[in-house]
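This report refers to the structure that appears directly beneath it.
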Amino acid sequence: MKNIISKLPSIASLGPFIALLLACAFFASQSDRFFSTQNFSLIFQQVMVVGVLAIGQTLVILTAGIDLSCGMVMALGTIVMTKFAADYGLSAPVAIACGIAATATFGLLNGLLVTRIKLPPFIVTLGTLNIAFACTQLYSHAQTITNIPDGMNWLGNILKLGDTTIGYGVILMLALYVLVWLWLRETAAGRHVYAVGNNPEATRLTGISTEKVLLGVYVLAGVFYGIAAMLSVARTGSGDPNGGQTENLDAITAVVLGGTSLFGGRGVILGSLVGALIVGVFRNGLTLIGVSSVYQVLVTGILVILAVTTDQMSRKGIR
Amino acid sequence: MNPPDASSQIVMRAKGLVKRYGQVTALDGADFEVRAGEILAVIGDNGAGKSSLIKCLSGATIPDEGEIHLDGQITRFKSPIDARRAGIETVYQDLAVAPAMSIAENLFLGREIRRRGFWGSVFDMIDKKKMLEESIARMNDLKVGIRSMTQAVETLSGGQRQCVAVARAAAFAQHVVIMDEPTAALGVKEGNMVLELIRRVRDKGLPVVLISHNMPHVFEVADRIHIARLGKRVAVVNPKKISMSDTVAVMTGALSVDQLPAELLAH
């Protein structure tokens with residue numbers, strides 16, 4: 001009996017994957033257009049922005065924090081990179097780097113407020129969410145920026161592999177997931193991210209600078225929001241001052257659905273990819289069977305509450 | 001292991017420690033010494049200055065006055081990290097472990113073994129295999145009977161978790177292990193398991209400073225007992241000679257140290 005109990009967490013970590021398969025099976029039974037390589041390719045394309053945002057979000061949530069600002073910071077990133085290219089004639093790579101620098105700065109701001117002034121991440125990022133949104137509107141004059149250099153669209157291109165197609169952006173997202181997964185598993189810094197989320201006081205007493213770990217995580221998260229901004233620009237061909245609003249909560253939803261605990265210190269980053277795909281499959285599938293987008297929002301809301309409930313229950317089971 | 005005698009080497013010593021918190025004087029010229037290979041219990045009523053003393057020794061607070069000597073050298077700890085670097089490990093009452101992480105990871109938390117060569121130096125990658133082997137070796141060394149070092153600490157009982165914390169301290173301490181109420185949260189059987197482990201740590205030659213409220217536990221393992229009262233050290237007694245009730249009487253002030261026969265005092 002004890003053996004079965006000790007194996008439960010590993011079964012629980014398969015949960016998101018099983019949920020994804022069930023969702024796919026359900027939509028395949030409802031729509032014959034769902035189960036096709038074109039549609040799967042489309043789902044991945046739709047998921048890549050949320051998927052990369054969710055990487056940054058996962059890092060923050062692993063430290064028992066939360067980042068409510070991720071989507072808005074990303075929107076600011078899209079405006080900075082497109083406007084820098086359009087207004088100052090910067091080449092695509094330089095403009096993109098400026099955009100990522102802007103989102104990383106917001107990450108640094110979040111991190112400094114959390115570590116130096118010791119404010120709760122929830123409140124800090126609620127504030128920076130609004131600040132980022134206002135900056136985006138002011139800087140863009142609430143105008144969408146479309147006159148961008150061709151180089152910025154490149155990641156939106158699609159690679160043909162026989163029947164299947166895969167976007168370069170999707171390949172980048174998958175590569176980032178594998179890299180961050182390895183970093184979290186195999187490096188001391190990665191393990192310290194888990195330790196800080198698990199028991200910050202014990203971690204501090206072992207001589208690890210918990211402030212440095214937290215600050216690093218928020219800055220790194222900002223970098224990922226910048227990469228997500230780059231993908232968003234490549235996908236839509238524009239910088240959208242009103243972007244990032246659905247992606248903001250979708251990223252948190254993806255992390256939670258992927259089995260990362262909101263209480264910190266537990267979770268596998270690859271779960272967030274599965275979580276992002278669950279969100280993507282629901283949005284895609286519900287559209288295919290002609291359900292209005294309001295119900296898609298309703299369903300994602302229910303999914304989040306289910307996922308958090310499972311998280312809460314499994315924690316109680318262990319203690 | 002022979003009980004330590006007066007000739008045993010003093011590993012850590014404090015002289016005239018004073019610590020004030022506003023109007024309250026928590027330490028009022030307290031002395032302290034712990035010798036090689038002994039378990040020194042520190043007891044005292046609430047407010048006796050016991051925890052302030054331990055905080056000074058472990059670097060958690062800085063004394064206003066007084067000196068701390070480690071191996072004959074004056075030391076000033078600015079933080080617990082400083083004390084740890086100087087070879088003093090502290091085990092805290094509230095189980096300072098990361099519950100979701102494995103035993104091996106907890107043992108090496110903050111002191112991970114890096115891989116050799118390129119992957120370790122450039123990419124900061126850790127050598128999980130080596131850490132696992134070392135964990136097994138160290139736990140075997142202390143005869144801690146836990147089957148798998150890869151299991152999460154939260155799957156262990158309270159006593160086993162405390163054993164992990166004690167084993168970690170013992171594995172890395174160069175000079176002294178300080179244990180703050182290590183058995184307070186544990187049942188009888190689990191408490192005994194931890195006491196047994198504390199003895200084994202002592203038998204490996206490391207001095208142990210044991211802070212405890214539990215008199216039977218103190219009398220079971222201590223070689224000497226440091227009694228704190230009103231911010232000072234009032235006596236160091238020999239648990240082999242003195243009775244538990246006399247010890248408590250000295251601790252509470254019901255019995256003056258002058259009234260104690262000299263043979264009850266430890267050298």
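The values are calculated or read from the model by the stated rules, or taken from the named source; none is laboratory data. Given the structure is predicted, the values throughout are model-derived calculations rather than measurements. Cβ coordinates were reconstructed from backbone atoms using ideal geometry, including for glycine residues, and neighbour counts include every protein chain displayed. Side chains are part of the model used for accessible areas, which takes the heavy atoms of the whole protein and leaves out ligands, DNA and RNA. Shrake-Rupley method; radii C 1.70, N 1.55, O 1.52, S 1.80 Å.
Descriptive notes on the structure:
- Shape call, region A:1-154: gyration tensor on alpha carbons, a/c limit 1.5: oblate
- Added length on full extension, which subtracts the Cα-Cα distance from 0.36 nm per residue, residue B:240 to residue B:28: 73.4 nm
- Given +1 at the Cβ of Lys and Arg, -1 at the Cβ of Asp and Glu and no other charges, the dipole of chain A around its Cα centre is 940 debye to the nearest 20.
- Positive dipole terminus of the protein assembly as shown, leading residue within B:32, A:199, B:242 (C-beta point charges): B:242
- Treating each Cα of the protein assembly as shown as one equal point scatterer and applying the Debye formula with no solvent, the log10 of I(q)/I(0) at q = 0.12 Å⁻¹ comes out as -1.12.
- Full extension of the segment from residue A:211 to residue A:153, taken as 0.36 nm per residue of separation minus the current Cα-Cα distance, would add 17.1 nm.
- ³J(HN,Hα) computed for each position of region B:143-156 - Karplus, 6.51 cos²θ - 1.76 cosθ + 1.60, integer Hz, glycine/proline x: 6, 8, x, 10, 5, 10, 7, 8, 6, 5, 4, 5, 7, 8
- Among the listed pairs B:204/B:241; B:50/B:240; A:118/B:128; A:212/B:15, a Cα-Cα separation exceeding 29 Å is found for A:118/B:128; A:212/B:15.
- Annotation: amide H of residue A:167 within the under-5 Å range of A:159, sequence separation 5 or more or interchain, hydrogens built in the peptide plane.
- Computed over chain B, Kirkwood Rh from alpha-carbon pairs, angstrom: 19.3 Å
- Chains A and B together, accessible area buried on both sides, 1.4 angstrom probe, square angstrom: 1900 Å²
- Computed over protein heavy atoms with a 1.4 Å probe, the carbon and sulfur contribution to the accessible area of the protein assembly as shown reaches 60%.
- Calculated [θ] (222 nm, deg cm²/dmol) that DSSP helices of n ≥ 4 give over chain B, each run adding -39,500 (n - 2.57): -9500 deg cm²/dmol
- Mean Cβ neighbour count within 10 Å, used as a protection proxy, ranking B:48-54, A:304-310, B:143-149 highest first: B:48-54, A:304-310, B:143-149
- Summarising the amide proton neighbourhood of residue A:187: residues at separation of 5 or more, or on other chains, whose placed amide H is nearer than 5 Å comprise B:126.
- In chain B, the longest principal axis of the Cα atoms and the axis of helix B:188-203 are about 90 degrees apart.
- Charge-dipole axis of the protein assembly as shown as Lys and Arg at +1 and Asp and Glu at -1 on Cβ define it, positive-most pick from A:53, A:177, A:302: A:177
- Note on chain A: GNM, Cα springs under 10 Å; of A:82, A:206, A:164, the largest mean-square fluctuation is that of A:206.
- Dipole in debye (nearest 20) - the protein assembly as shown, about Cα centre, beta carbon charges: Lys, Arg +1; Asp, Glu -1: 620 debye
- Whole-number accessible area per residue in Å² for region A:167-319, which is evaluated in the context of all protein chains at 1.4 Å: 39 Å²
- Rg in Å to one decimal, and Dmax rounded to a whole Å, for chain A via C-alpha atoms: 19.5, 67
- When the other protein chains are added to the chain by itself, burial of at least 50 square angstrom of heavy-atom accessible area (probe 1.4 Å, ligands and nucleic acids ignored) affects these residues of region A:165-196: A:186, A:188, A:191.
- Options B:184, B:174, B:194, ranked by Cα towards positive dipole end of region B:171-233, top entry (Cβ charges): B:174
- Values of log10 I(q)/I(0) for region B:28-81 across q = 0.17, 0.25 Å⁻¹ run -0.58, -1.21, by the Debye formula with one identical scatterer at each alpha carbon and no solvent.
- Under the membrane-span-like helix rule (DSSP H runs whose alpha carbons stretch at least 30 Å along the helix axis, mean Kyte-Doolittle hydropathy -0.5 or higher), chain A yields A:2-30, A:37-62, A:92-115, A:210-236, A:293-318.
- Within-12-Å neighbourhood charge of residue B:25 [Cβ basis; K, R +1; D, E -1]: 0
- Residue with peak Gaussian network fluctuation, chain A [Cα springs, cutoff 10 Å], from A:150, A:250, A:163: A:163
- The long axis of helix B:158-172 is offset from the longest Cα principal axis of chain B by roughly 90 degrees.
- Taking one quarter of the surface of the C-alpha convex hull of region A:175-309 gives a mean projected area of 9.5 nm².
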